[in-house]
Structures are given as structure tokens and as C-alpha cells.
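The values are calculated or read from the model by the stated rules, or taken from the named source; none is laboratory data. This structure is a prediction, so every number in the text was calculated from the model and none was measured. Note that each Cβ is placed from the backbone with ideal geometry, even for glycine, and that neighbours are counted across all protein chains shown.
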Amino acid sequence: MNYEKLLATRTSSMKASAIRELLKLAANPNLISLGGGLPSPDSFPMELLPILTEKVISKYGGTALQYDMTEGFMPLRKALIEYVGQKGINAELENVYITSGSQGFLDAIAKVLVSPGEYIAVEGPTYLAALQSFNSYEAKYLQIETDDEGVVPESLEEIISSYPVKFVYLIPTFQNPSGKTIQRKRREQIAEIIKKYEVLLVEDDPYSALRFKGEELPTIKSLAPEYVVYASTFSKIFAPGLRVGFFIAPEKIGRWMVIAKQGIDLHTSTYTQALAAEYLIGGYVPEQVNKIIKIYAPKLDTMLNALEKYFPSECKWSKPDGGMFLWVEGPKGMDMEEVYQKAIKKGVGFVPGKFFFPNPGDGLETMRLNFTNVTHEQLNSSIKLLSEVLKEESENVMI
């Protein structure tokens, strides 16, 4: 049977995740992977889970195992009102919704808002899995200019004043993949721009809790409440396998997101939502986040020191104050996918940066490095090995 003829036209815009495919190649247990954005298993609250489980069973009983509202488990939604309030976000119950991780949110927002051929304004580079979700609904992209401080507000204004943008998608804090953070002044400028042109902004915020140093910055949602849908997740501060994310949105958008979610998965796992609720209600988050930071911050220092010690002078890299990623730019003319193929043979994996750009051909000389799911010894040795490949490739570029 010719199964190809059964496929919807939209599948022409759908591709397998480049990261997932690259990680399959890097599945060798002897290989050091700096590619996946995986939290360290050491950061998981294993000692806390029995306590939370007992609380869920005694407090909610069979309710935690039952079908539930698409909007989300009520105790979790109520607990999130206080949680996001600490970030300067004022929310009522009708503004709070639960998703199956951030990915569930990204799929639903595109499904509800984007028709084929409509524009989304994104950073270049941006989160690959967001592009993957948006591609499913045949979106087109307008790439916002960035520099060492993230999004350039003037570029954003030029785009949304010239094109019919459906929404702007940003990761303002410790961005994936670059690790960059948009500073306060620019956040204020971005807020004023979206209010001026009445454009919706989707603020994806999975990493801001993982701040190792520097001052906490206001969410853009807190600066332009009616014009921002704010999304976050428990994957980085609790456990990714629970698949619990959430978003804060105007009720009119939230209602449509609920309808979309009903057709996708009916509702997020009640049991894992109940665990997340008790995690928040019990006040465990600050201590657990501090534990995670104590694991990750020294690893970032180790990676930065190794880059400084070993990497070729032609390369430059971001120096984030938190999060999970570093971004490296090599000299023009270098193809990091070729570097990747050679690095794999030496036992080191990473993600070539070109996959994070909406425009084919951009970012050939860039790479994303993750530091959270490897040891200090592996960080040092892998950066040294990677530098050897880069130096060889640099010589080829110069020739």
C-alpha cells in the first residue's frame, strides 16, 4: 500500500527533531555528550518523592488517579497563582492552565493562533522544539536580530511594524540555545513595543529559576500583562519525566487553548500534577532549586575555564549567569556539522547551531554546549578533545 498518499499536506513542513536524531548517533555509552539539554539525575529530588507521594495519596486518594479538568488539577492551579505572583505576575484562576510539559503548550498555542503561511517573529537562534511545533501548522518566520545581550528591540519593532506578525516568541532568560539573557532596559523596551503595536508575545521561561549569580529580572509578562502569554515548566526545577508545564494567559486565549488540548491529550496526568501541587504547597521549591544550582554552577565554571584554556582564539562563546547552555561561534566558513562528525569519532557530542535557526544556511559556524548532565572530569576532557577537532578544522578553513 502507498502510505505516502495518505499523508496530510502539512507533513511537508514536519521534520524529525534534529537534536533527537543526533542524540541517537551519540547513544554510545563511551561517548561524552554535551548535546542534550538533560537535567542531571543528581538534581532529582529522590528523597522527597516518597514524602510527596504519601501526601498525594493521603490528601487526594483516588482523585489523583482519576480523569480531571482539561484546564488542570485545581490545587495545582491555585498554588501557581502564588508562585507566579512572586515573579510579579498577577493571575486569577481563569488565567492559569496546565500542559504536558512546555511542548504541550507550544503545540497548542500554534494550533490555536497560526494559520498556514502566517508569520511568527522569533530570535535567531531560537528553541528548536518550538520551531518543530510551529512548523506543524505551516508557519513562516521573521528572524529578529540579536547581539550579545539578546534581542535587539529596534529589530523587533521594524519587523512588527512591517509585517502582520501573529505573535512574537522569546526565551528572555538563559535562552535555549544561546544562554543569553535580555536585560531590564531591553525588556522594558520590548514591553512598550508590543503594547504600541498591540502584538501578542509568547514568553517561554523554563530556566530563570536556575540563576547562579546576578539580579533577578522582571518577566515581560509583568511589564505588559495583557499582551503576553507566559509559559514555564517543572521539568528543570522538579523532574522532566513528570511532564508538567503551565501557562498564564488572558482567559479568551486560555479557553481556546483548552479546546485544543481536549483534542490532543484530554488533560495532563492528574497524578503528576498532584505531585507538583504538593511540591509547591509544601514550600519545597526554594531548597530544591538551591540544590540544583549548587550542582550546576560549578559545572558552568568548569566548562568556561576549559573553553578559555583549550579553545582556539578564533572562537567566542557566551558567558551566562545561569541556565543549562553555552553558545559557541567559530570563524566564518567553519561548518560545525562537519566538526560534529569528527568529534563523534573522538568520543564527544554536541549540537551544531544551524538547527536552531529558522532560515536555512544561518549559524553554520555555531554550536550549542550543555554542561548539566556530565561530570567535571568529562567537561574538561571533552572540551579538550573538541578543541583539537576545532583547531584542525580552523586550519582547513584558513587554507
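Here is a check on your reading of the model: is L242 touching a residue at least 24 places away in the same chain (Cβ under 8 Å) and within 25 Å of M46 (Cβ to Cβ)?
Values: touching a residue at least 24 places away in the same chain (Cβ under 8 Å): yes; within 25 Å of M46 (Cβ to Cβ): yes.
For L242, the condition - touching a residue at least 24 places away in the same chain (Cβ under 8 Å) and within 25 Å of M46 (Cβ to Cβ) - is met.
Of all residues in the range 114-127, how many are under 20 Å from F174 (Cβ atoms) and crowded, with 21+ Cβ neighbours inside 10 Å? Full working, then the answer.
From the range 114-127, those under 20 Å from F174 (Cβ atoms) are 122-127; that's our starting set.
Then drop every residue that is not crowded, with 21+ Cβ neighbours inside 10 Å, which leaves 122-123, 125-127.
Qualifying residue count for the region: 5.
So the check is Cβ under 6 Å with 6+ separation or different chains; which pairs have a first residue in the range 270-287 that's more than 20 Å from L210 (Cα to Cα) and a second one that's modelled with pLDDT of 95 or more and of a type in the set (S, T, Y)?
As it stands, the answer is A274/Y60, since those pairs meet every condition given.
Could you grab me the full set of residues in the range 84-107 that are touching a residue at least 12 places away in the same chain (Cβ under 8 Å) and surrounded by fewer than 17 Cβ atoms within 10 Å (Cβ to Cβ)?
G88, N90, L93, E94
Pick from the range 200-213 the residues that are buried (at least 21 other Cβ atoms within 10 Å of the Cβ) and touching a helix residue (DSSP H, G or I) at 6+ places or on another chain (Cβ under 8 Å): which of them is nearest to I295 (Cα to Cα)?
By that ranking, first place goes to L210.
Within the range 137-154, how many residues are crowded, with 18+ Cβ neighbours inside 10 Å and either within 23 Å of L106 (Cβ to Cβ) or among the charged types (D, E, K, R) (or both)?
8
Scan the range 312-345 for residues that are farther than 22 Å from F357 by Cβ and at pLDDT 95 or above and report the count.
2
Considering each residue of the range 35-68, count those that are part of a helix (DSSP H, G or I), in contact (Cβ under 8 Å) with a residue 12 or more places away in the chain, of a type in the set (S, T, N, Q) and more than 18 Å from I98 (Cβ to Cβ), and give that number.
2
Inspect all residues belonging to the range 31-43 and state whether any of them is surrounded by fewer than 18 Cβ atoms within 10 Å (Cβ to Cβ) and in contact with a Phe, Trp or Tyr (Cβ under 9 Å, 6 or more places away or on another chain).
yes
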